[in-house]
Each structure stands twice: as structure tokens, then as C-alpha cells.
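Quick notes on the structure that follows.
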Amino acid sequence: MLKVTMIGTGYVGLVSGTCFAEFGVDVTCVDKDATKIEDLKKGIIPIYEPGLDKLVQENTQKGRLHFTTDLKESVRGADVVFIAVGTPTRRGDGHADLSYVYGAAEEIADALEGYTVVTTKSTVPVGTGRKVESIIRHRNPEADFSMVSNPEFLREGSAIHDFMRPDRVVIGTESQQAADIMRQLYRPLYLLETPMVFTSLETSELIKYAANGFLATKIAFINELADICEKCGADVQDVATGMGLDGRIGKKFLHAGPGYGGSCFPKDTLALARTAAELEAPTSIIEAVVSSNQVRKENMASKVIKACKEDLKNKKIAVLGVTFKPNTDDMRDSPSLDIIPALQKAGADIHVFDPQGEKEGKELLPGVSWCTNAYDAISESDITVIITEWNEFRALDLERVKQLMKKPVVVDFRNIYLPDEMEKLGFYYVSVGRTPVNPDTKNRVLPFKRAG
Ligand code: UGA
């Protein structure tokens, strides 16, 4: 049985380690945080990810998944050591902070015994694998190891599915021996005919940034299209469908919204732009995406302010959803962190419900009141604002919502309701890239009619 050591029990490390154990591999997850490791041993998961707690518990019970703070011991005797520590944006310059990666490389160097594959799983800029390799060689010239880059493409909220049924696996290495071991590790996926891309270290590292950069570009593009739709009376969802049906474009990641957030796109686009500039191959496209998204998040509050006829003083606003996307408790770079403070600044009293966001949100969003369910937040509100499309917000009892609100005004940043239906129910409904009805004249703001 292959033995794997996963260094770092953050999002990527914990999900990947647990899923490898589920494949039948013997996995040890290592972290410096002793409390976290003790919790994990008991099956207590530090993040919210559907299905992960069950998988951790089952694989721990079956003796395939272990947790420890002892890096040296776990690296000794491992066939594959993954580096899955954090690579946050470095303060000030937008570069990925690689100090944790390099720190792990030094510790691995001291512990290596026998042939070992050392793999970066964290998202790391081009050239990092090569640098990790040289750190290890320098510190332990006798070490018998090969360097691999194996980026992860999982999404928060559907991470287990993404790991078990990926579109592809990317493996960058120059060593045939390492490639064979990686192929063996991913054998269960190989049997499912998952495409495997074997390439060089640098190419593999760049594939990860290229994929995230391109997806972020798609989102920024459709968001700008949404703005155009609002000005000319077109419907951005129909635009997305119409263009997405072209197989060369694809319909995924064309949902207009308040701007992308999370732990990956904002950080990775910034890091890609910085790397490109440093390599003297600047990417004006990614730079434009970064600024387009930032400006969008900053401007989104104005939609709410307009819906309230510019007067938010002492207005009660119900906010549904603050996490950067549904099925996660992650608030990193969430559009809510721009929208809510701007509404507070304009004098609004904010009442929030999020199924998982309260724990992190309490610190990040001072001055808001936390509610126990959507209706509790909506009660007596002047306006309801949907920021995150949690499933439970998709099927609200709209009659009840209307009765509970002081005025039936809804701003939906995720387009989860249909304008015509909302208007029929008597709501003044504002969404993204779909022309609202003027509450006074009951006409659409623009002369154009919706298609279909
Ligand atoms: C993203 C990628 O989708 C994963 O493939 C990648 O592995 C991961 O980053 C990573 O690098 O670790 P994630 O950040 O979990 O995954 O979430 P996404 O589902 O990609 O959503 C990111 C942001 O884009 C969210 O704020 C979401 O609301 C927004 N989004 C997404 C849109 O506004 N419109 C869309 O059509 C899709």
C-alpha cells in the first residue's frame, strides 16, 4: 500500500488527504497546530465542507487516515510527501507568500529516508517546485527524491466530488519513476478514464494559474456584460445561454453576480499578474480582470442604495448570505465584505442570516445583527438583499416574505428569482443584468422588451 504524507491540513490538504485515504492509500496529515490535530483525531473538522466529516471519521476508523504534528516521523518511510500549506497573498505586493512552502521544504529535507516523491499541491507560482527541489538538495545532498507538481482543482462546497470525479489530473515532473508512482496513486481515477496530463514542473504550475485566471476572466466578462444589459434592456442570462451554447465557449462560469471572491481567484489572479510582470511578459488581460472585479465589488452597494431611493438612514436591511459562495463557511474576499460596510456607512441597520457564515462573519462584519433564519432577518425590513445563493434562499415563501417586510423591495445579486414572477407578486425586484421595473410607473426602465 502506498504511504502518503500531507503537510498542511488546510482546505486542500485535508480534502486531498482524506480522499486519498478513501482510495485505500495510507495517509498521514501533518500540521503544526496541535489543537487542530487533536480535534481532527476526534473527527472534529475545522472547516465546513459537505460530507468531509463523515469521510474523515470513516477513514480514521479504518486506520487509513492519521493525524500528527510530527513532520519528521511522518515523512520518514512515505512514498509521496505533499506540500499543501497556505500560500496567502503577501501583504503589500500581491505576490504569493511562499515562506510556509519553503519552511516545509527544509523540514522535509531533514527527514527524507529512501526514495521519496516530493509534490507541491498548494497553488504555487512558476518556479517554486524548482526552488523547493534546490532547497532540499542543498540541505540534504544525499537525499533520494524527485520533485513533482500536482495542482488541485477542487471547489469549496463540492470539493469531495471534484476530487473523486475531476475533469483531469495534472502531474508535472521530469522523473519517470515519480510519474509512475503518481499514476499508481491516482489509479482509481485512471480506471474511470480521467485524463492525466503529464508535463514539466513549470508547465504544471502554470496550468493551475491559467485555469483560475481564465475562469476569473469569464466571470469578470459576464459581469461587465451584465452592466451593458442593464443599460440597454437586454437579459444577461439569455446572453450567457446564447454565447455559452457555443461549444468553444461553454456555458459554465457565466453567472453574473456581485464579483468573484474566495480564497483562490482573487489571490491567484493577482499572483499571476505579478509573476507575468516579473517575467517581463505582462498580462494586461488578467490585470484588467483584477481591477474590474475589485471595482465591481466596491460598486455593488449602489444598487441597494438606488433601490432605496438614495436614503438608507435608519432603514432596516435584511441580508441573506455573506459567505463568498454557498456550502462553505469561508468569507475570504466575499463581496459581502464590500457591500455591507458601504450600506452601514450610508446609515442602514443590517440584519444578517447565513447558514454557515456567522462564526467568521462576526469578526469581519462589526455592527450587524445576526439572525437565526431568513424570515427572522426579513421581518420588518425595508429591503431584502440576497448576496449568496444558498439553496434555502431559492425557495423562500415569497408571500410570507412580502407580509413580513415593511416594503416589498428585493435586491438579488445572484439572480435566483425571476423578475416577472417577483413583479407579479408585487415586489420591486432588482437583480443583475436584468432590467428592473420602475416602481412608480410599473414600466421597465428601458423601452426594450425581454426576449422569450
Ligand atoms: C476555484 C476554482 O473553481 C477551482 O477549480 C479551484 O481549484 C479553486 O478555485 C482553487 O484554486 O483552489 P472556489 O474558489 O472554491 O474554486 O469557488 P468557485 O466555485 O470557483 O467560485 C469562485 C467565485 O466565483 C465565487 O465568489 C463565485 O460566486 C463566483 N462565481 C463563480 C461567479 O460569480 N459566477 C460564476 O459563474 C461562477
Output yes when any residue across the stretch 353-360 is away from the ligand (no atom under 16 Å from the Cβ), within 23 Å of L404 (Cα to Cα) and either outside any helix (DSSP H, G or I) or open to solvent by less than 10 Å² (accessible area, probe 1.4 Å) (or both), and no when none is. yes
Across the stretch 135-158, the tally of residues that are under 15 Å from A84 (Cα atoms) and within 16 Å of the ligand (Cβ to nearest atom) stands at 6
Consider S263 carefully, then state whether it is outside any helix (DSSP H, G or I), open to solvent by less than 30 Å² (accessible area, probe 1.4 Å) and either closer than 25 Å to H95 by Cβ or at pLDDT below 95 (or both). yes
Among (1) touching a residue at least 12 places away in the same chain (Cβ under 8 Å); (2) in a loop (DSSP other than H, G, I, E, B), the one test that I44 misses: (1)
Tell me the residue from K41, K36, K32 that is within 23 Å of the chain's Cα centre (by Cα) and charged (D, E, K, R), please. K36
Can you say whether I249 is free of Cβ contacts under 8 Å to residues at least 24 places away in the same chain, among the aliphatic types (A, V, I, L, M) and within 15 Å of the ligand (Cβ to nearest atom), as far as the supplied structure shows? yes
Is there a residue in the stretch 290-299 that is touching a residue at least 12 places away in the same chain (Cβ under 8 Å), of a type in the set (D, E, K, R) and under 30 Å from M164 (Cα atoms)? no
Matching helices (runs of 4 or more DSSP H) fully within the stretch 157-259 where at least 1 residues are touching a Phe, Trp or Tyr at 6+ places or on another chain (Cβ under 9 Å) and crowded, with 18+ Cβ neighbours inside 10 Å: 159-164, 176-185, 187-191, 201-232
Sort out which residues of the stretch 22-57 are within 17 Å of A159 (Cα to Cα) and open to solvent by less than 60 Å² (accessible area, probe 1.4 Å), and write them in order of number. F23, I45, P46, I47, E49, P50, G51, L52, L55, V56
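The values are calculated or read from the model by the stated rules, or taken from the named source; none is laboratory data. The model shown is predicted, which means the values in this text are computed figures rather than measured ones. Note that each Cβ is placed from the backbone with ideal geometry, even for glycine, and that neighbours are counted across all protein chains shown. Side chains are part of the model used for accessible areas, which takes the heavy atoms of the whole protein and leaves out ligands, DNA and RNA. Shrake-Rupley method; radii C 1.70, N 1.55, O 1.52, S 1.80 Å.
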